[in-house]
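A.B. asks: Provided herewith is a single structure, encoded as structure tokens, for subsequent inquiry.
The values are calculated or read from the model by the stated rules, or taken from the named source; none is laboratory data. Only a predicted model underlies this, so the values are computations on that prediction, with no experimental measurement involved. Positions of Cβ are generated from backbone atoms using ideal geometry, with glycine treated the same way; all protein chains shown enter the neighbour counts.
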Amino acid sequence: MNIIGDLSGVSRCPHCSVAAPQLKQVWVTPNALFIPSNPLVGRLWAAYQCTTCSDVILAKCAISRRPSVGSGFIPAPKVEQLFPYTKSAHADIPEPARTFLQQAYDTLHAPDAAAVMAGSAVDAMLKKHGLSHGSLYSRIDEALAANLLTKGMADWAHEVRLGSNRPRHADAEKPHVSSEEAKQSVDFAEALGNFLFVLTARITRGIEASKTAEPAA
Ligand SMILES: [Zn+2]
């Protein structure tokens, strides 16, 4: 990725999830700033606007003061980090839930698809805990009864619109999920994954690490 001109090489816009977004440079710091602790690498910042959703991405870039070997030219600045970054489903979430959650992130620009994928992710997470019978919402109640979920998580699940077949009186008039509803469903699926798997794995690793740590002298 090169800071001169527009930004290419970004797989998806972190705002609207469009693939291979066209990102137009709208701002850049006029000069690289070299700080005393790292005098050979300067810092530049640039802002890029997505031509699909018009939202802006900030890029943190580094430029070397040293010419590249053999060429004598100062290499072009490199993008080191984007804000916001493109989301990826956490590695501690088991398959197939992780892939469903990733697809939910990747389809936020298509709210119906994102809500269905968020529902599939929640479905797969509950199945991993042995809850495989009945509707998604009845299994969420079972998970609460089994102390797998807190009351707050279960209430939240009932507030969001997961999947495509949630019974609703208004569905005939309002068959589609809004962007906001889809985002809330995806946020819930992400939180459930963190709650059921990511946090548990972190706790397990923490306990293991403290068991193997050298006792203080
Ligand atoms: Zn966008």
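A.B. asks: Quick one: which of Ala59, Ala124, Ala76, Ala89 is assigned to a helix (DSSP H, G or I) and either in contact with a Phe, Trp or Tyr (Cβ under 9 Å, 6 or more places away or on another chain) or surrounded by 13 or more Cβ atoms within 10 Å (Cβ to Cβ) (or both)?
C.D. replies: Exactly one residue qualifies, and that residue is Ala124.
A.B. asks: Something else: Checking Ala47 against (1) in contact (Cβ under 8 Å) with a residue 24 or more places away in the chain; (2) within 30 Å of Ala113 (Cα to Cα), only one condition comes out false. Which one?
C.D. replies: Here Ala47 clears every test but (1).
A.B. asks: Here is a follow-up. Could you say which residue among His90, His15, His109 is closer than 18 Å to Phe188 by Cα, outside the structural domain of Ile203 (by TED's automatic domain parsing) and within 14 Å of the ligand (Cβ to nearest atom)? Please lay out each step first, then the result.
C.D. replies: Values: His90 fails: within 14 Å of the ligand (Cβ to nearest atom); His109 fails: outside the structural domain of Ile203 (by TED's automatic domain parsing).
Exactly one residue qualifies, and that residue is His15.
A.B. asks: Let me ask another. Identify all residues within region 1-12 that are part of a loop (DSSP other than H, G, I, E, B) and either in contact with a strand residue (DSSP E or B) (Cβ under 8 Å, 6 or more places away or on another chain) or within 16 Å of the ligand (Cβ to nearest atom) (or both); write none if there are none.
C.D. replies: Once the filter is applied, which keeps residues that are part of a loop (DSSP other than H, G, I, E, B) and either in contact with a strand residue (DSSP E or B) (Cβ under 8 Å, 6 or more places away or on another chain) or within 16 Å of the ligand (Cβ to nearest atom) (or both), region 1-12 yields Met1, Ile3, Gly5, Asp6, Ser8, Gly9, Val10, Ser11.
A.B. asks: Taking the condition at pLDDT 80 or above and within 16 Å of the ligand (Cβ to nearest atom), does Ala46 pass?
C.D. replies: Working: at pLDDT 80 or above: yes; within 16 Å of the ligand (Cβ to nearest atom): no.
Criteria not met by Ala46.
A.B. asks: Can you pull out every residue in region 19-43 that is within 16 Å of the ligand (Cβ to nearest atom), surrounded by fewer than 17 Cβ atoms within 10 Å (Cβ to Cβ) and either among the hydrophobic types (A, V, I, L, M, F, W, C) or in contact (Cβ under 8 Å) with a residue 60 or more places away in the chain (or both)? Write out each step before concluding.
C.D. replies: Initial filter on region 19-43 (within 16 Å of the ligand (Cβ to nearest atom)): 19-26.
If we keep only those that are surrounded by fewer than 17 Cβ atoms within 10 Å (Cβ to Cβ) as well, we get 19-20, 22, 24-26.
Matches in region 19-43: Ala19, Ala20, Val26.
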